[in-house]
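As structure tokens, the structure follows; a few thoughts come after it.
The values are calculated or read from the model by the stated rules, or taken from the named source; none is laboratory data. Please read all numbers here as calculations on a predicted model, not as lab measurements. Heads up, the Cβs are rebuilt from the backbone with ideal geometry, glycines too, and the neighbour counts pull from every protein chain shown. The area values use the complete protein model at the heavy-atom level, side chains included, leaving out ligands, DNA and RNA. Shrake-Rupley method; radii C 1.70, N 1.55, O 1.52, S 1.80 Å.
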Amino acid sequence: MEQNIPHQLVIRNKNGVYLSNMLAKSDEEMQLINQDGNAQLIVLENHIVMFNKQSLRLHDYKQQVKELEFTNLQNIHLADSKQHLTVIDKLDQQSFQLQILKFPSLESKGINFNIKNFKRESWPILKYSSDDQYYFIIQNQKLHCYADNQCVYQTDIGNCDYFSVQPNTPKPLVVCYSLMDFNIKDSFLKIVDMNGKIKYEKKLHQTSDLEVIWSPNGQSLLINKGFHEDNTNKSYFGQNQVLFYDFPKNALRELPTYEGPIHHVQWSPSSKEFILLSGFMPSGAVMYDNTCKPLFEFGKDHKNKIIWGNGRFVMICGFGNLDGSIHIWDAKTLKQVSTNKYKSASLCHWSPCSRYYVCAKVTPRMNVDNQYSLFDYHGKEIINRKFQELYDVQFRPSNIKFEERAPTPPKQVQQEAPKKQFIAFADNPLAQQMRAMKAGEGARVLQVDETFGKQSNNNYPPGYEPPKEKKKRVRKPKQQQQ
């Protein structure tokens, strides 16, 4: 390791919640925080919030600070400013109560809402602006904006049940949208300004799933929309489309992507660029700037996940039903730093300094072989620990400001010359060349007017050429006898 950084891990297993040094190798080196292993967690720098159906506990990593009891706690949400905690409690079969608590005191702010219909997929149903000056909620097909307890505006938004608030902006825009289901046949997207006026409205064609993706600074907006059916019968995953909202022109335009599903979209912490994974496998990972101009392609491979570090390192992975490959790139130099593989990974997190990362196999995704491994950014495994049942592993956030350093070259170990051995078919040069051709082109700098999804006409094994087109014989007309 480059330096001994005292990172800590929060580990949740069937025996409880523990705080551990990231280099700990045994259970004796872990500090027990709570014996309830089924509690959900919100891990912060100085506090950890644990909640289940009956209670909510606040712990400062040394002792329990406060505990609140509930009838049937459904979910909680901590505002971005870490000053307000929203909780929703189920009182009976037909009513829910939404409360706003001060954080970390957990005292009631005196703001309660009675909710009749609560959709889990729409949580959180109350959202704060980044400076906590305003909060927003949808009730009776109207978007309500409040400052303290005073209503700033209420705007009719129709059947829109979902919304997203612009981050890091004093007077934020609110994106409201609806999704198609058995009762709603049309999907709409509406953008509301701080005057309560609908700034932009658009009917979305065939939209059963939608994700609003703001850049961290709130100055750029992406819309990832999808439909569960594909009328062209080309994809089992349906149809996908990524739209970019042009603020000056007040219009949506489609991004150029590879043909096929959209696997993942992720902004960099600096908001200057984002990476989009699209296309049929092997998918293409493309970096765009904040005006959606394609800059760089990381090659085509079997990948479906993007995880940014502190802004310099980015991880492009193939998790889920893929082979678990992990490729780490330097986003500044656009060079690959390392490769690794962790099969059947359920989660993966960067450390606060982005020089290490942890991968884990957890329950319920994997009911056997539960474990986690700690790696440095070169892919060297530092720690591996196994558990009978492991539920969650994540780094404890840190208030230390780590410098954005370039990668250090790995130590080169002299290896003996390999002995001559039989080359299997999968490893011979012909097979490698065929796999490379199947995976598509490698990393390359893209042009501004780049088009995606065009395949080469020559998709034949090396040494073979496409068949020549046969010339059609044209019969000459018979000459008439004079």
For Ile138, what accessible surface area do you get with a 1.4 Å probe? Give it in Å², rounded to 10. 40
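Residues with beta-carbon under 12 Å from that of Asn290, excluding Asn290: net charge, scoring Lys, Arg +1 and Asp, Glu -1?
My count for the surroundings of Asn290 gives -1.
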Segment 17-104, dipole about Cα centre (Lys/Arg Cβ +1, Asp/Glu Cβ -1), debye to the nearest 20: 200
Would you work out if segment 119-181 is rounded, prolate or oblate? Take a ≥ b ≥ c from the square roots of the eigenvalues of the alpha-carbon gyration tensor; rounded if a/c is under 1.5, else prolate when a/b is larger than b/c, oblate otherwise. prolate
Given charges at Cβ of Lys, Arg, Asp, Glu: segment 157-254 dipole, positive-most of Ser178, Gln219, Phe163: Gln219
So for R0 = 41 Å, FRET eff. of Asn250-Glu107 from the Cβ-Cβ r, to 0.05, ends up at 0.45
With a point put 7 Å past each Cα toward its Cβ, work out how far Gln133 is from His205 in nm, to one decimal. 4.1
Distance between modelled label sites at His77 and Ser26, nm, 7 Å Cα→Cβ extension: 4.5
State to the nearest 20 debye the size of the charge dipole of segment 157-254 about its Cα centre, where the only charges are +1 on K and R beta carbons and -1 on D and E beta carbons. 400
Can you list residues whose amide H is under 5 Å from Asp36's amide H, if they're 5+ apart or on another chain and H is modeled 1.01 Å from N? Val17
Whether segment 265-320 is rounded, prolate or oblate, judged on the alpha carbon gyration tensor where a/c under 1.5 counts as rounded: oblate
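Multiplying the sequence separation of Gln97 and Met281 by 0.36 nm and subtracting their Cα-Cα distance, what value in nm do you get?
61.7 nm
Going by the alpha-carbon gyration tensor, a ≥ b ≥ c the square roots of its eigenvalues, is segment 157-254 rounded (a/c under 1.5) or, if a/c is not under 1.5, prolate (a/b greater than b/c) versus oblate?
Prolate shape, in that a/c is at least 1.5 and a/b is the bigger ratio.
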Figure the gain on full extension for Asp323 and Asp36 (residue separation times 0.36 nm, minus the Cα-Cα span) and round it to one decimal in nm. 100.0 nm
How far apart, in nanometres, would the label points at Glu450 and Lys272 be if each is projected 7 angstrom from Cα along the Cα-to-Cβ direction? 1.7
Taking a virtual spin label 7 Å from the Cα of Val152 along the C-beta vector, which residues in segment 186-201 bring their backbone nitrogen under 17 Å of it? 191-200
Return the aspartates and glutamates within reach of Lys171: Cα separation strictly under 14 angstrom, same-chain partners fewer than 8 residues apart disregarded; answer none if there are no such residues. Asp131, Asp132, Asp193
Under 19 Å from a label point 7 Å along Cα→Cβ of Ile198: give me every residue in segment 124-148 with its amide N that close. 137-145
Computed E for Glu403/Lys380 - FRET, C-beta separation, R0 22 angstrom, nearest 0.05: 0.55
